[in-house]
Amino acid sequence: MSGKYEQRDKEVILVVDDNRITCEVIQRNLEIEKFLVFTAHSVNDAIQILSRQKIDLVITDYKMPKHSGLELIKYVRDHLQSISIIMLTGYGSINSAVSAIKEGADEYITKPFTDEELLNAVKTSLQKQKEKKTDPEMLYNDVWTRFGIMGQSENMLRVYSKIEKACSNDAIVLITGENGTGKELVARAIHYNHKVRSIYPFIPVNCPGIPASLFESELFGHVKGAFTGAVEHRKGFFQAAEKGGLFLDEISELPFELQAKLLRVLQEKEIFRVGETQLKKVDVRIIAATNKNLDDLVEKGLFRQDLFFRLNVININIPPLRDRENDIILLAKHFVLKYAKEIGRTEPNFTDRAINALKNYSWPGNVRELENLIHRSLIMNDKDIIDSVDFPDIMKVKIHYNPYLDLSLEDMSKKYIRDVVQQTGGNKAKALEILKIDRKTLLKKIK
Ligand SMILES: Nc1ncnc2c1ncn2[C@@H]1O[C@H](COP(=O)(O)OP(=O)(O)OP(=O)(O)O)[C@@H](O)[C@H]1O
Ligand SMILES: [Mg+2]
């Protein structure tokens with residue numbers, strides 16, 4: 001693991017006090033002890049720093065003009081669970097100390113304090129923070145609030161550190177993963193946690209959805225009269241995403257001749273609007289996604305190698321759900337909660353049989369399939385339990401996942417039929433039920 005989840009050599013502390021002298025004194029004392037120290041003189045400044053910088057511990061004053069230290073504690077607790085907090089309170093104001101602890105501060109020190117008191121409090125709360133960081137629940141709460149992504153498997157932790165990395169620079173990101181693994185979710189997390197781009201637009205573009213003839217006009221825009229039908233100036237996706245991010249989804253589907261045009265823009269960071277001769281600079285962060293193996297496509301001559309190299313700067317591969325066994329139930333419960341709330345009913349529990357069925361299934365449609373399944377189960381029955389009988393038949397036979405992905409549609413369907421027939425132990429009726437085809441078709445296929 002790397003990034004945020006790595007053990008850092010220097011711990012980072014943010015000191016917040018409207019009194020600059022207090023800030024400087026604390027900073028000096030802590031720097032002597034080899035901590036890295038940032039200072040802020042208001043809650044707003046502190047939040048700015050927290051959104052840019054990884055901080056382990058916040059030391060904040062209680063009374064400050066505009067927003068109080070309590071509000072900062074609340075912010076940290078709502079957004080950044082794993083950070084420790086020390087509150088500085090005025091002498092004798094036991095009430096403020098009590099409310100600080102209530103809001104989630106780990107320690108408080110009353111002013112005036114000695115260097116030793118400060119250092120002791122810092123050491124204790126950093127120790128607490130270390131414990132929190134290794135507490136998977138905390139870690140996952142933190143990731144959930146920041147990225148909107150659920151999951152605490154090792155595989156996902158690797159994904160989180162890559163997201164973290166991608167948020168702090170402008171390098172092109174290539175997200176790969178099977179259908180429904182959460183590629184768009186990750187793209188959004190990167191954009192909306194980016195240190196500067198997050199306040200600018202995030203524009204998703206579905207590459208196969210753009211007709212080849214309109215590709216340049218859609219991406220780069222056109223000027224009035226550029227072609228029949230161009231009745232007015234039109235901004236393309238690149239300009240719409242200016243200063244923000246452009247999400248090129250299903251990039252593998254981009255026709256070969258258009259790949260060269262895209263490559264040129266990525267290299268030059270300049271576009272021609274259709275019907276215009278003047279180049280326009282663009283400042284856009286590119287995130288691309290695909291469920292195909294681009295390496296293979298390059299080898300087969302279907303994807304340009306130079307474009308692939310350009311895109312593949314930060315590669316985030318999202319593992320399929322079957323490789324995140326520990327996350328399946330976590331996600332299932334998350335979706336139960338989500339949809340029960342939406343429908344306005346109390347959330348049902350899973351029976352043990354249901355839990356087993358969820359764990360054993362191979363989830364070819366990944367998280368999306370799981371989400372749809374839970375949604376459907378909630379709509380279809382209003383019992384207070386979800387049992388495996390509520391699940392579709394396909395989940396009742398255990399079909400080991402096979403790398404169908406590199407098979408043609410026809411071969412895949414043959415293989416699938418063979419698997420189902422095998423797994424149902426020659427019970428044709430059962431196989432027919434699962435495959436939803438008639439006996440004649442099945443016999444033909446078996447032949
Ligand atoms: N780890 C996760 N936590 C919570 N929700 C998730 C997670 N992963 C995926 N989802 C949900 O699953 C659905 C599918 O995710 P998404 O659209 O990002 O997948 P995708 O990889 O882009 O799929 P496709 O390849 O079909 O385009 C979405 O509703 C998304 O919110
Ligand atoms: Mg998608």
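The values are calculated or read from the model by the stated rules, or taken from the named source; none is laboratory data. Keep in mind the model is a prediction, meaning the values are calculated, not measured. FYI the Cβ positions are ideal-geometry reconstructions off the backbone, even for glycines, and counts take in every protein chain you see. Ligands, DNA and RNA are stripped out before the accessible areas are found, and what is left, the full protein with its side chains, is counted by its heavy atoms. Shrake-Rupley method; radii C 1.70, N 1.55, O 1.52, S 1.80 Å.
General observations
- Rounded to the nearest 10 Å², the accessible area of Glu232 at probe 1.4 Å: 120
- Model label sites at Val12 and Asp352, defined 7 Å from Cα along the beta-carbon direction, differ in position by 4.7 nm.
- Between Thr277 and Asn317, the distance separating the two model label sites (each 7 Å from Cα on the Cα→Cβ line) works out to 4.9 nm.
- Other residues lying with their Cβ under 12 Å from the Cβ of Ile379 contribute a combined charge of -1, Lys and Arg counting +1, Asp and Glu -1.
- Structure-based [θ]222 nm, the chain - -39500 (n - 2.57) summed over DSSP H runs of at least 4, per residue, nearest 500: -14000 deg cm²/dmol
- Cα→Cβ-extended label distance, 7 Å offset, between Ile446 and Asn44, nm: 7.5
- Working ranking of peptides 370-382, 236-248 by packing, defined as the average number of other Cβ atoms within 10 Å per residue, highest first, is 236-248, 370-382.
- The magnitude of the dipole of the chain, with charges of +1 and -1 set on the Cβ of Lys/Arg and Asp/Glu and taken from the Cα centre, is near 1280 debye.
- FRET efficiency for Arg28 and Ser93, using Cβ-Cβ distance with R0 set to 25 Å, rounded to 0.05: 0.45
- Listed peptides 317-327, 291-301, 194-204, 436-446 by packing density, highest first (mean Cβ within 10 Å): 317-327, 194-204, 291-301, 436-446
- Share of carbon and sulfur in the accessible area of the stretch 297-416 stands at 51%, probe radius 1.4 Å.
- By the compact-protein rule of thumb, 2.2 N^0.38 Å, the alpha-carbon radius of gyration of the chain corresponds to a ratio of 1.22.
- Sites Glu131 and Glu253 - FRET efficiency at Förster radius 56 Å, r taken between beta-carbons, to 0.05: 0.75
- Accessible surface calculations at 1.4 Å, restricted to protein heavy atoms, place the chain at 52 Å² per residue.
- Using the Cβ-Cβ distance between Asp438 and Arg368 with R0 set to 22 Å, the FRET efficiency from 1/(1 + (r/R0)^6) comes to roughly 0.15.
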